[in-house]
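*Asks:* Submitted below is the structure of interest, expressed as C-alpha cells.
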Amino acid sequence: MADTPCIVLLTAADEDRLPGLDGIESEAELIHVREEDELRERLPQADILLVTDFRTDMLERAWPDEHHISWVHATSAGVDALMFPALVNSDLVVTNARGIFNRGIAEYVLGAVLLMAKDSINNLRYQRQHQWCHRETELIRNKTALIVGAGSIGQDVAALLGAAGMHVIGTARSEREDENFADVHASDRLYDLLPDADYIILTAPLTEETRGMIDREALDCMQPTARLINVARGEIVDQDALIEALQQEWIAGAVLDVFENEPLEEDSPLWNMPQVMISAHMAGDFTGWKQALGEQFVDNFRRWRKGKTLHNLVDKNKGYAGSG
C-alpha cells in the first residue's frame with residue numbers, strides 16, 4: 001500500500017467534486033477527472049477509484065491493461081455500470097453506497113402509493129382547470145404491495161408500507177424469512193404473485209436476471225387496478241410494453257423515477273399520460289445526500305488504510321452488495 005495513496009474521482013462532465021472528502025486531503029492524493037482522455041492517463045496512478053458517474057461506459061473504454069488499483073467504490077446503490085468483464089474477472093474489491101438512499105426511496109414509494117390511492121394526480125389536474133370534482137378514493141390499509149427486490153432498499157420500503165397497514169410481500173433470489181415482509185418468495189415465482197398485487201414496486205438491482213423482467217407477459221399478469229412503481233433501474237422494465245399496457249388500460253397507472261434512456265425523450269407518450277407520474281431519477285436524493293456519500297467513502301477509506309474489511313462489499317458476479 002502506498003504511503004500516500006492516490007484516489008481518482010470520476011464524475012460526470014458537469015459534476016463538481018464530491019463533497020465530504022475534506023477529511024482525507026492530508027491522507028491521500030485526490031485527483032478529480034471528468035473526461036475520458038484524462039481518465040485514461042490517470043488510472044495507472046490510482047490505488048483507489050471513486051466513481052460518481054454510474055451511467056458511464058467511459059470506464060470500460062479507458063481501463064488500463066496494467067494498474068495497481070485495489071478498490072473501486074461506487075457512490076450509488078446500483079453498480080451495473082461497473083460490471084464490465086475486466087473488472088468483474090479481476091481480484092479488485094468493489095463497494096457501493098448501500099444504505100444511503102434507503103430512507104429517501106422508502107418515503108418516495110410511500111408517497112407514490114398515497115398519490116395513486118388518493119388520486120392526487122387528478123386533484124392537481126382539476127385544480128388547474130378550476131373544476132370541483134368530488135369522488136371517492138381508496139384506503140391503502142390491507143392492500144397488497146409486492147416489492148420486487150427484497151434487499152436493503154426493499155426492506156426499508158417494506159417497513160414503511162407495513163407501518164401504513166399494507167400487506168407486504170417480496171421477491172429475492174431465494175425464499176427467506178424477513179421481519180419486514182409477510183413473505184419473501186423466490187424470484188422465479190414472480191408471475192404467480194403479480195395477479196394478486198395492488199402495487200408492484202421495483203427495487204431490484206439491474207443484473208442479467210432482472211434486465212427486462214417486467215415485460216409484456218409480466219404486465220399481462222397484473223390486475224387492471226394495479227399500479228407499477230419503479231425506483232430501481234429503467235432497464236428492468238420493457239418501456240414499450242409498459243406504454244402499451246397503460247394505453248390499453250391493462251394496469252391502472254405508474255409512478256416512474258427511472259427510464260431506459262435518461263433524460264426521458266421529449267416525445268415519449270409517458271409524459272402526457274394522465275395516470276402516470278414522472279420524476280427525474282431523484283427518489284433517493286434528499287437534501288445533503290452528496291455530503292453523506294462523501295462521508296461514507298471517508299469512513300471506508302480509513303478502514304482500508306487499517307487493513308480492515310470494507311463495508312458494502314459487492315458480489316461482482318451477482319452485481320450487488322449483500323447484507324452486513
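*Asks:* Give me the pairs, please: first residue somewhere in the stretch 305-324 and on the phi > 0 side of the Ramachandran plot, second residue anywhere and among the polar types (S, T, N, Q) and assigned to a loop (DSSP other than H, G, I, E, B), beta-carbon distance under 7 Å, and either six or more positions apart or on two chains.
*Replies:* Pairs found: Asn312/Asn96; Gly319/Thr207.
Residue-wise test of (1) in the same structural domain as Asp257 (by TED's automatic domain parsing); (2) farther than 29 Å from Pro205 by Cα; (3) touching a Gly at 6+ places or on another chain (Cβ under 6 Å); (4) small (Gly, Ala, Ser).
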{"site": "Arg128", "(1), (2), (3), (4)": "yes, yes, no, no"}
{"site": "Ile140", "(1), (2), (3), (4)": "yes, no, no, no"}
{"site": "Ala159", "(1), (2), (3), (4)": "yes, no, no, yes"}
{"site": "Ala164", "(1), (2), (3), (4)": "yes, no, no, yes"}
{"site": "His167", "(1), (2), (3), (4)": "yes, no, no, no"}
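*Asks:* Does Leu59 satisfy the criteria of being part of a helix (DSSP H, G or I), in the same structural domain as Asn96 (by TED's automatic domain parsing) and touching a residue at least 12 places away in the same chain (Cβ under 8 Å)?
*Replies:* On the way: part of a helix (DSSP H, G or I): yes; in the same structural domain as Asn96 (by TED's automatic domain parsing): yes; touching a residue at least 12 places away in the same chain (Cβ under 8 Å): yes.
Yes, satisfied.
*Asks:* Do we have any residue at all in the stretch 255-267 that's part of a loop (DSSP other than H, G, I, E, B), of a type in the set (D, E, K, R) and touching a residue at least 40 places away in the same chain (Cβ under 8 Å)?
*Replies:* Yes, because at least one residue in the stretch 255-267 is part of a loop (DSSP other than H, G, I, E, B), of a type in the set (D, E, K, R) and touching a residue at least 40 places away in the same chain (Cβ under 8 Å).
*Asks:* Of everything in the stretch 270-298, what is surrounded by fewer than 13 Cβ atoms within 10 Å (Cβ to Cβ) and in a helix (DSSP H, G or I)? Give them in sequence order.
*Replies:* Trp271, Asn272
*Asks:* In addition: Condition test on Arg98, is it basic (Lys, Arg) and not in a helix (DSSP H, G or I)? Before you say what the answer is, go through the steps one by one.
*Replies:* On the way: basic (Lys, Arg): yes; not in a helix (DSSP H, G or I): yes.
Judged against the criteria, Arg98 is a match.
*Asks:* Have a look at Gly165, Gly234 and point out the one that is surrounded by fewer than 22 Cβ atoms within 10 Å (Cβ to Cβ) and at positive phi. Let's see the steps before the verdict.
*Replies:* Values: Gly234 fails: at positive phi.
So the residue among Gly165, Gly234 that is surrounded by fewer than 22 Cβ atoms within 10 Å (Cβ to Cβ) and at positive phi is Gly165.
*Asks:* Is there a residue in the stretch 108-119 that is in contact (Cβ under 8 Å) with a residue 12 or more places away in the chain and assigned to a loop (DSSP other than H, G, I, E, B)? Lay out the reasoning, then the answer.
*Replies:* First pass over the stretch 108-119, keeping only residues in contact (Cβ under 8 Å) with a residue 12 or more places away in the chain: 108-110, 112-119.
Filter once more, keeping what is assigned to a loop (DSSP other than H, G, I, E, B): 118-119.
Yes, there is a match, as at least one residue in the stretch 108-119 is in contact (Cβ under 8 Å) with a residue 12 or more places away in the chain and assigned to a loop (DSSP other than H, G, I, E, B).
*Asks:* I've got another one for you. Condition check: of a type in the set (Lys, Arg), without any contact (Cβ under 8 Å) to a residue 40 or more places away in the chain and either farther than 19 Å from Gly151 by Cα or in contact with a Cys (Cβ under 9 Å, 6 or more places away or on another chain) (or both). Does Arg216 satisfy that? Working first, answer last.
*Replies:* Numbers: of a type in the set (Lys, Arg): yes; without any contact (Cβ under 8 Å) to a residue 40 or more places away in the chain: yes; either farther than 19 Å from Gly151 by Cα or in contact with a Cys (Cβ under 9 Å, 6 or more places away or on another chain) (or both): yes.
Judged against the criteria, Arg216 is a match.
*Asks:* Next up: Among the residues of the stretch 73-84, how many are outside any loop (DSSP other than H, G, I, E, B) and modelled with pLDDT of 95 or more?
*Replies:* Filtering the stretch 73-84 for residues outside any loop (DSSP other than H, G, I, E, B) gives 73-74, 80-82.
Then drop every residue that is not modelled with pLDDT of 95 or more, which leaves 73-74.
Going through the stretch 73-84 one residue at a time, the tally reaches 2.
*Asks:* Right, another one. Can you tell me which residues in the stretch 224-245 are within 14 Å of Leu202 (Cβ to Cβ) and either aromatic (Phe, Trp, Tyr) or in a loop (DSSP other than H, G, I, E, B) (or both)?
*Replies:* Selection gives Ala226, Val231, Ala232, Arg233, Asp238.
*Asks:* Could you list, in sequence order, the residues of the stretch 29-52 that are crowded, with 18+ Cβ neighbours inside 10 Å, assigned to a loop (DSSP other than H, G, I, E, B) and not β-branched (Val, Ile, Thr)?
*Replies:* If the condition is that a residue be crowded, with 18+ Cβ neighbours inside 10 Å, assigned to a loop (DSSP other than H, G, I, E, B) and not β-branched (Val, Ile, Thr), then Ala46, Asp47 are the ones that fit.
The values are calculated or read from the model by the stated rules, or taken from the named source; none is laboratory data. What you see is a predicted model; the values in this text were computed from it and never measured. Methodologically, a virtual Cβ is constructed for each residue, glycine included, from the backbone with ideal geometry; neighbour enumeration extends over all protein chains shown.
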